[in-house]
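Asks: Provided herewith is a single structure, encoded as structure tokens, for subsequent inquiry.
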Amino acid sequence: MASIVVLGAALGGLQTALLLAADGHQVTVLERDPHPPPSDPDVAWARWQRPASAAAPHPPPPRPLASAG
């Protein structure tokens, strides 16, 4: 199988890499962000700055509503 380099670890790049790897290719993903995201998902969502990303800032994730009963 082919050795493939995927540029960018955003959703499209990761999905492409996973599908190619599942098909038996050797895949390397390159990301230009200098630091990995925080390991805690809540911290990553709230504080991780991605200056290299052109994506608009995301609103906070929805939280479960308290029971009305």
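Each row is one residue, and each column tells you yes or no for (1) of a type in the set (A, V, I, L, M); (2) modelled with pLDDT of 85 or more.
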residue: Val6; (1), (2): yes, yes
residue: Ala22; (1), (2): yes, yes
residue: His25; (1), (2): no, yes
residue: Asp40; (1), (2): no, no
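Asks: Those residues that are part of a loop (DSSP other than H, G, I, E, B), over 12 Å from the mean Cα position of the chain (by Cα) and not basic (Lys, Arg), I need them from the range 1-36; list them, please.
Replies: Matches in the range 1-36: Met1, Ala2, Asp23, Gly24, His25, Pro34, His35.
The values are calculated or read from the model by the stated rules, or taken from the named source; none is laboratory data. Quick caveat, the model's predicted, so the values are computed rather than measured.
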